[in-house]
Structures are given as C-alpha cells and as structure tokens.
Amino acid sequence: MIPDYQTLMLPVLQTAADSEISTKQVVEILAEEFSLSEDEREELLPSGRQRRFDNRVAWAKGYLKQAGLVTYTKRGFFIATNNGRQVLSTGPQRIDNEFLSQFSAFQDFRSRTGTMTEKRLAEAPLPAEQEHHSTPDEVLREAYTKINASLADDLLERVRSASPTFFEELIIELLLGMGYGGTSKEAGHALGRSGDNGVDGVIDQDPLGVDQIYVQAKRYAEGNNVGAGELRDFFGALHLKKATKGIFFTTSSFSPAATQTAKDLGLRIVLIDGQKLAALMIRYNIGCRTEEVLHLKKVDEDFFG
C-alpha cells in the first residue's frame, strides 16, 4: 500500500540528515523501504502526468520545508537543516502535520492556507480514502487553495534566492504578462544599472507609450521589511523623472510606516509585497505553468425548465 504523505515525512527527513540528496534518489530509497510493488510504484495520479508515490514524497518534502526542517540546496536537491537534525536527535516515532505545528514557520504557512482546509486535507489526502463532512466540490476547492499556497511559497523562495538582475527582469515580464504596454516586448525593460536614481525598471502603461510607470524592486529576505525611508527615496526618484505613477515590489513586506507613507505621498504608488507578487505570478503563469485543467460542472436548470 502506498503510504500517505504524512507517513513519509519522517523517512524523507532521515534520508537528508547527513548530506544533500535529490528528490529522485529519495523516491527510489523509500520505494524500497516501503516494499512497494511495481504496480504501486508506477501508479499515476488522475492527471496521468505524475506517479502517485513521487507526488506524496514531494508533498512530504514541501511540508518539511515549510516547517524549516529541510532546505533546498540546488535544483532538485535538499538537505536537513540544523533544526531538522535536532528533531531527528530526539528520536521521533512519527512526523506529521500535528508534529510540525510546533514550529512557527509552519504555523505561518497554515494560517495562509486556512486551518480548516489544512485539517481536512491532512486527515484525508485523497477523497476516496476517508469519509468527509465536506461535499466533494468543497474538498476540491480546498485542495486547490492548499496547492496554490504551497506553490506561492515555493515561487517566493526561488525568487529570493535569484540574482537582483533576475528579479528586476521578472518584474518587467510579469507586468508585460498583465497587459501593460500592449504586446510590444520593447514596452518594458529593466534598467539594471546603479545610479538610476532609485528606479529599477520602466514600462509603458499603454501600447503607444504615452504614459509610463516606473518600478522599484527590492529582493529582501522574509522579515526584512521595506521601511518608510525607501518609499520616500522612490518618491524622490519619480519626482526627478517627472513621473506620476510607480509600483514598488518586494519579496518581503512593507512596514506600517511605509504603507502610511505611500498613502500620504502625492503620487500614485502601488505596493506589492511578497504574497501579492507570488499570487500574481501564479495568475499570469510567470515562473509556473498549468499542469491540468479541471472543469467543475453542474446541471443547467434552465435547460430542463
């Protein structure tokens, strides 16, 4: 029987205790450890694009990452953190969502996905395996929320670990994807030079380039919030360029003082924090792609009326 993703959490952490390891290697090791048959090993998800066991190993790894017990080292590889090794030294019999709830990072993650959603899905990874108090369409929508929340966190971490130049170019690509500047690739570009007076990019607001929006992009770690001084600096940069609109992106958050400063300034400055940035990347397929489309349908009462 294929173990659920919570049962896999402890063995996944154990495989990464001593050195970095690839997810592919972990899948092979744990398939042997759980004595999976060839049929179980090759069983696919309903989408037909991924093996079920591989998917559950990935979810186990992802949740350990949310709790700060593992960290990604490079593409496809991860390793246990000091916290993860400390947990293993206590000899836990099982690691699951309830166990991970002791860590503040995981608590923050659950607050973003929604406690009830997390609880229901943790109790029943697959709708067919247990009875639910929720209706099937509720479970589907809750699963969608959970998947997107995990994807958003993954995207944000990857952006934080990228170069400043990559981040600036990503912002321009996102704005073009949102429809700014029409279809012209020349409608937006990252300035990417020191001495640009506090502006990282510029994009046309319309296809003709009559109006332009200037962009500031701060690739900050979580907790290193943008302060009021940086908003005032951006305001000054916009004033020098005789611009009336600006967008300030950050991978962290804005301090309350920064948010109030943006409201008090005379120019139109839109603030996009890390969570909003990740949501926009998902919506406009920047750094991610659609794996499967499910059409949820219901009876057309008017047809039968």
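Taking first residues from the range 126-153 that are among the aromatic types (Phe, Trp, Tyr) and partners that are at pLDDT below 50 and surrounded by 10 or more Cβ atoms within 10 Å (Cβ to Cβ), no Cβ contact under 9 Å between residues at least 6 apart in sequence or on separate chains turns up.
Taking helices (runs of 4 or more DSSP H) as the structural unit, those lying wholly within the range 219-305 and holding at least 2 residues that are closer than 24 Å to Gln66 by Cβ, of a type outside the set (Phe, Trp, Tyr) and touching a helix residue (DSSP H, G or I) at 6+ places or on another chain (Cβ under 9 Å) correspond to 274-283. Annotation: of all residues in the range 43-79 being touching a residue at least 40 places away in the same chain (Cβ under 8 Å) and of a type in the set (Ser, Thr, Tyr), the one that is farthest from Leu155 (Cα to Cα) is Ser47.
Annotation: of all residues in the range 17-60 being part of a helix (DSSP H, G or I) and basic (Lys, Arg), the one that is farthest from Met1 (Cα to Cα) is Lys24.
Being outside any loop (DSSP other than H, G, I, E, B) and small (Gly, Ala, Ser) is the filter; apply it to the range 64-115 and report the residue that is farthest from Leu151 (Cα to Cα).
Kept after step one, since they are outside any loop (DSSP other than H, G, I, E, B), are these residues of the range 64-115: 64-66, 70-74, 77-80, 82-89, 97-100, 104-113, 115.
Within this subset, residues satisfying the condition of being small (Gly, Ala, Ser) are 80, 84, 89, 104-105, 111.
Working: Ala80: 21, Gly84: 22, Ser89: 30, Ser104: 19, Ala105: 16, Ser111: 15 Å.
Result: Ser89.
In the range 87-99, the residues that are closer than 18 Å to Trp59 by Cβ reach residues that are surrounded by 14 or more Cβ atoms within 10 Å (Cβ to Cβ) and of a type in the set (S, T, N, Q) with C-beta atoms within less than 7 angstrom, at least six apart or across chains, in these pairs: Asp96/Gln6; Asn97/Gln6.
Mind checking which residues of the range 3-42 are in contact with a helix residue (DSSP H, G or I) (Cβ under 8 Å, 6 or more places away or on another chain), farther than 18 Å from Tyr63 by Cβ and free of Cβ contacts under 8 Å to residues at least 24 places away in the same chain? Answer for the range 3-42, where residues must be in contact with a helix residue (DSSP H, G or I) (Cβ under 8 Å, 6 or more places away or on another chain), farther than 18 Å from Tyr63 by Cβ and free of Cβ contacts under 8 Å to residues at least 24 places away in the same chain: Gln25, Ile29, Ala31, Glu33, Arg41. Taken together, the residues in the range 24-49 that are in contact with an Asp or Glu (Cβ under 8 Å, 6 or more places away or on another chain) and surrounded by 13 or more Cβ atoms within 10 Å (Cβ to Cβ) amount to 1. Just one of the listed residues (Glu292, Glu230) is closer than 30 Å to Arg141 by Cβ and either surrounded by fewer than 13 Cβ atoms within 10 Å (Cβ to Cβ) or assigned by TED's automatic domain parsing to the domain that holds Glu169 (or both), and it is Glu292. If you go through the range 265-289 and keep only what is surrounded by 10 or more Cβ atoms within 10 Å (Cβ to Cβ), closer than 21 Å to Gly229 by Cβ and either out of contact with any strand residue (DSSP E or B) (no Cβ under 8 Å at 6 or more places or on another chain) or basic (Lys, Arg) (or both), you end up with Leu265, Arg268.
The values are calculated or read from the model by the stated rules, or taken from the named source; none is laboratory data. Every value quoted in this text rests on a predicted model; they were computed, and no experiment measured them. Neighbour counts run over all protein chains shown; Cβ positions are idealised from the backbone, glycine included.
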